[in-house]
Amino acid sequence: MITGKILRDMIISGANNIYNNKDAVNRLNVFPVPDGDTGTNMSMTVMAAVKEIVNTNKTTATEIADITSSALLRGARGNSGVITSLLFRGAAKHIKGKAEVDGKDLAAAVTAGVAMAYKAIMKPTEGTMLTVARVAAEKAVEYAETESDPIKVLEVMLTAAEETLEQTPEMLPVLKQAGVVDAGGRGIIVILEGMLLALRDGIVVEAVDSDDPMAENENVFEKFDTEDIKFAYCTEYLIVKKGEVKDGDVIAYRAYIESIGDSVVIVDDDEIVKTHVHTNNPDKALKAALELGELIKIKIENMKEQHTNMSEQSAPSAAEKKEAPKAPEKKYGVVSIAAGDGIANVFRDLGCDCVVEGGQTMNPCTEDILEAAESVSAEIIYVFPNNKNIIMAAEMAIPLCSKKLIVIPTKTIPQGVTCLLSFDPDADEETNTATMTEMMATVKSGQVTYAVRDSVFDDHTINEGQTIGILETKVSVIDDDRTKAAEKLFDMMYFEDAAFVNIYYGNGITQQEADELSALIDEKTGGKLEINVLEGGQPVYYYILSVE
């Protein structure tokens, strides 16, 4: 039987195994570009659960599963991370209330997780990690009809996953052309291998690198007088719901918390209620919370003491001590995801309230996006993911947000910029949403980067180190010169009624080099276009181009 302790060890072992092997999984990405991050996203997603359960005193399988499910929901990164979180989340719901789990329970739980993942994907593609997980679950259920030993069931599951992974190139021609198996499917197998080692052999895989991949940036203190702090204690905790907690109970709880403090953020998940409040009576907040369930991850900090210490260390001037004006409450707020200081500044200049760092090389997790949305003083929050691999993580924040959160599914930086330009703060929600969604189709986006390995993709033979031009999401240009590649990409993007071209140049590109590209485009179009050259500062991508 799988007890809570054993399940805890299995999850830690699986997480550490994918963490140790994330680079190998990354190298299986079909796109031979340097932002292949399937392994990284899966690793960081599952490691979010490790942070929650590594020191827990919970002893039942359902408790460990619930904590894991909630942590993965908030920590999901990228499409592969979201799917991984859904697999665990569905499994946790199935074993709800079970202190121990046998082989039959395990097989049924994994099946429930697969069903949840398939349901969340609008158009599931066979030959991906979904297929690997589904076939593994089917074989496990079939075997568990006559054998309930969880070790045997997990072994059958792993074998089926490995056999299915080898077939993924036959299911997806793009995999066969690139000469790889599905990266997400390989990640699932790596996690299962780590879990099996813990279950069968009692060996918990240890993370090879001691660096914490989930390390957070330290908070920067606002510069204001200590006496201006009305509520002294920053109080945060999670409530693990007990029994049947009704919506009305949480609403009444929220009203009480708001009556004893400010800066209140309460997020009601299926099993967890996350609370943040600034109050002078943290004891009263905790007492009210205990009516809903058990408290975990309690953190109470004296902000007056913190600020005094910080002030003494930094010795700010009188001008620095002046408190910044508090943002007024408004109807709309905007959160955008972007990589590169220059691009982030473009979004801020256009009225974006909060820019979350991330994009092609580092997908932010659901909780990153959620916290950004909660920080904006507005009733309705629009989120621009600006990357197809961030859309799902952003959408998972919708039910967790205390405000109305609307995700505009922008897949590129230029699409996000265009949407923000078309945003009207005086229009109603439906009009803004429809207009911005429509405007995404009016801009053509291109990106110029380099190949990290030899590959064949979209009928292109690509050598390591060559420059790649990507039109929207399709590899369209291969060249040995990045300026020529950008020029050829522009030729494919140009259309008769085009009026504007934006060139965002990234790390490693000089202003002179970007100006030369601008001059080439200006010459070949007869000076008909308005061309803007901006220092984007983005990593990995030499250029991001837009034509509209």
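From the Cα gyration tensor of segment 22-139, with a ≥ b ≥ c the square roots of its eigenvalues, which class applies: rounded if a/c is under 1.5, or else prolate if a/b is larger than b/c, or else oblate? It is oblate, given that a/c is not under 1.5 and a/b is not larger than b/c. For the chain, the residue among I470, V114, T410 whose Cα projects farthest onto the positive side of the dipole built from Cβ charges is V114. Sorting T131, T461 by accessible area puts them as T461, T131; the probe is 1.4 Å, largest comes first, and only protein heavy atoms count. A P(r) calculated from all alpha carbon pairs of segment 330-475, with 5 Å bins opening at zero, reads 2, 10, 19, 21, 19, 12, 8, 5, 3, 2, 0 percent. Accessible surface computed residue by residue for the chain, with neighbouring protein chains in place and a 1.4 Å probe, gives 46 Å² per residue. Hull volume per residue, based on the alpha-carbon atoms of segment 45-99 and their convex hull, is 51 Å³.
Want the number for N463 to I531: 0.36 nm per residue separation, take away the alpha-carbon distance, what's left?
Difference between extended and current length: 21.3 nm.
Per-residue 3J(HN,Hα) values for segment 120-135, derived from phi via the Karplus relation 6.51 cos²θ - 1.76 cosθ + 1.60 with θ = phi - 60°, read 7, 8, 4, 10, x, 10, 6, x, 10, 4, 4, 5, 4, 5, 5, 5 Hz in sequence order (x marks Gly and Pro).
Amide H to amide H, with H built 1.01 Å from N, D454 comes under 5 Å of E464, counting only residues 5 or more places away or on other chains.
Note on the chain: helix-only mean residue ellipticity at 222 nm, from DSSP H runs of 4+ residues weighted -39500 (n - 2.57) and normalised by residue number, equals -15000 deg cm²/dmol.
With the cut-off at under 14 Å, measuring from each backbone N in segment 157-178 to a point 7 Å along the Cα-to-Cβ line of R200 picks out 157-163.
So, with a 1.4 angstrom probe, what is the percent of accessible area on the chain that is carbon and sulfur?
On the way: 12410 of 25000 Å².
Answer for the chain: carbon and sulfur cover 50 percent of the accessible area.
Sequentially through segment 346-353, phi angles give Karplus couplings (6.51, -1.76, 1.60; θ = phi - 60°) of 4, 5, 5, 5, 8, x, 5, 6 Hz, Gly and Pro residues having no value and appearing as x. Going through the cross-link list K119/K484; K242/K404; K5/K404, which pairs have a Cα-Cα distance over 32 Å in this structure? Flagged as over cut-off: K119/K484; K5/K404.
Within the full protein context, the accessible area of T525 is estimated at about 10 Å² for a probe radius of 1.4 Å.
Three principal axis extents of segment 348-390 based on alpha-carbon atoms, in descending order, are 29, 23, 14 Å.
Any idea what % of Cα-Cα pairs in the chain are farther than 42 Å?
26
Computed over protein heavy atoms with a 1.4 angstrom probe, the accessible surface ordering of F500, F231, largest first, is F500, F231. Proximity of backbone amide H atoms, modeled 1.01 Å from N, is registered between V334 and D353, C354, Y382 at under 5 Å, excluding neighbours fewer than 5 places apart on the same chain.
The values are calculated or read from the model by the stated rules, or taken from the named source; none is laboratory data. Keep in mind that this is a model prediction, so the values were computed, not measured. Every residue, glycine as well, gets a Cβ built from its backbone with ideal geometry; the counts of neighbours run over all protein chains shown. Areas reflect the complete protein model, heavy atoms only, side chains present, ligands, DNA and RNA absent. Shrake-Rupley method; radii C 1.70, N 1.55, O 1.52, S 1.80 Å.
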